[in-house]
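Below you'll find the structure, written out as structure tokens, and then a few comments.
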Amino acid sequence: MPAALVTGASRGVGRGVAISLAEAGYDVFATGRSIAMADLPPGVQRIVCDHTKDMDVEAAFAQIPTLDLLVNSAWGGYERMLENGQFTWGAPFWEQPEHRWTSMMDAGLRAAFVASQHAARRMVAAKHGLIVNISFWPAQKYVGNAIYGIAKAATDKLAADTAHELRAHNVAVASLYPGLVRTEAVMAAAEWLDLSNSESPEFIGRVIAALAADPQLMDRSGKALVAAALALEYGVKDIDGKQPKPLTLADV
């Protein structure tokens with residue numbers, strides 16, 4: 001049975017990925033600060049881990065005997081959008097609170113880098129593996145605020161450069177762009193959103209399982225991939241049987 005680690009799996013995309021990978025036959029390890037309270041299948045092995053703490057990450061990997069797939073979904077930066085009653089998410093960079101940079105870079109980008117280091121050591125030795133970094137269109141287009149774009153662009157660069165170094169070892173790395181995902185936060189605002197072309201969190205996991213099984217996987221290594229576009233290629237549908245339309249840069 002192949003083994004997968006999904007970081008930030010307590011909720012949102014990470015939780016959906018963990019569920020779908022378990023359904024696809026993976027031995028799934030799920031990490032997060034509140035993972036013990038997450039709504040996950042009994043077979044998913046939970047490891048409490050704060051990915052901003054390197055000792056936590058090292059201890060988490062020590063509990064995973066083998067690893068075929070790492071999904072970096074841990075992320076920070078969506079919390080505390082209000083500051084003293086003001087919505088600061090869309091403020092210009094010179095007015096952004098310092099905690100937003102720290103959240104996105106440490107809980108997001110740096111967490112992915114450190115987890116990738118641990119995973120790569122296992123995968124290089126095994127001459128096999130896949131690392132998927134959950135990213136998004138702000139890597140290529142201004143969306144929301146400058147820090148958001150910087151963090152996502154760096155996530156894509158992390159995938160591209162680590163893929164270059166891992167290619168000789170038959171280990172693939174890719175960035176994956178979801179569309180509008182029906183996470184808990186999105187559903188809380190559902191009455192103000194058009195969800196007609198949305199995706200379930202589990203859909204992203206189904207796409208990742210199909211990507212990992214692609215015999216031409218190494219041809220996609222180092223690239224930023226759109227989940228819904230891959231789903232069309234692989235014939236993957238969402239849990240409601242729908243086929244989400246891939247977003248383009250112009251759509252975002």
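The values are calculated or read from the model by the stated rules, or taken from the named source; none is laboratory data. What you see is a predicted model; the values in this text were computed from it and never measured. Cβ placement follows ideal geometry from the backbone for every residue including glycine, while neighbour counts extend to all protein chains displayed. Surface accessibility is based on the protein's heavy atoms, side chains included, excluding ligands, DNA and RNA. Shrake-Rupley method; radii C 1.70, N 1.55, O 1.52, S 1.80 Å.
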Next item on the list: Find the lysine pairs in the chain meeting two conditions, Cα atoms under 17 Å apart and a separation of 8 or more places or different chains, and report how many there are.
Entry: 6
Item checked: Euclidean distance between Cα centres, the range 51-83 to the range 107-171, Å -> 13 Å
Margin query: Explain nothing, just the number: dipole magnitude of the range 116-165 about its Cα centre with +1 on each Lys and Arg Cβ and -1 on each Asp and Glu Cβ, in debye rounded to the nearest 20.
Written below: 120 debye
Item checked: Carbon + sulfur, % of accessible area of the range 1-104 - ligands and nucleic acids excluded, 1.4 Å -> 54 percent
Item checked: Packing-based ranking, highest mean first, of 79-92, 206-219 given that Cβ atoms within 10 Å are counted -> 206-219, 79-92
Check: With the Cα gyration tensor of the chain giving a ≥ b ≥ c as the square roots of its eigenvalues, does the rule (a/c under 1.5 for rounded; else a/b larger than b/c for prolate; else oblate) give rounded, prolate or oblate?
Finding: rounded
Checklist line | Leading residue at positive end of dipole, the range 145-236 (Cβ point charges), from THR183, ALA212, LEU193 | finding: ALA212
Next item on the list: Rounded, prolate or oblate: pick one for the range 130-184, where a ≥ b ≥ c are the square roots of the eigenvalues of its C-alpha gyration tensor, a/c under 1.5 means rounded, and failing that, prolate if a/b is larger than b/c, else oblate.
Entry: oblate
Check: Based on Cβ point charges of +1 for Lys and Arg and -1 for Asp and Glu, what charge dipole magnitude is obtained for the range 2-131 about its Cα centre, in debye rounded to the nearest 20?
Finding: 240 debye
Next item on the list: When a/c is below 1.5 the answer is rounded, else prolate if a/b is larger than b/c, else oblate, so apply that to the range 82-207 with a ≥ b ≥ c taken from the square roots of the Cα gyration tensor eigenvalues.
Entry: oblate
Item checked: Accessible solvent surface per residue of the chain, calculated while the other protein chains remain in place, 1.4 angstrom probe, Å² -> 48 Å²
Notebook entry, point to check: If you take the charge dipole of the chain about its Cα centre, with +1 on Lys and Arg Cβ and -1 on Asp and Glu Cβ, which of GLY25, SER135, ALA160 is farthest toward its positive end?
Noted result: ALA160
Check: What size of dipole, in debye to the nearest 20, comes out for the chain about its Cα centre when the only charges are +1 on Lys and Arg C-beta atoms and -1 on Asp and Glu C-beta atoms?
Finding: 400 debye
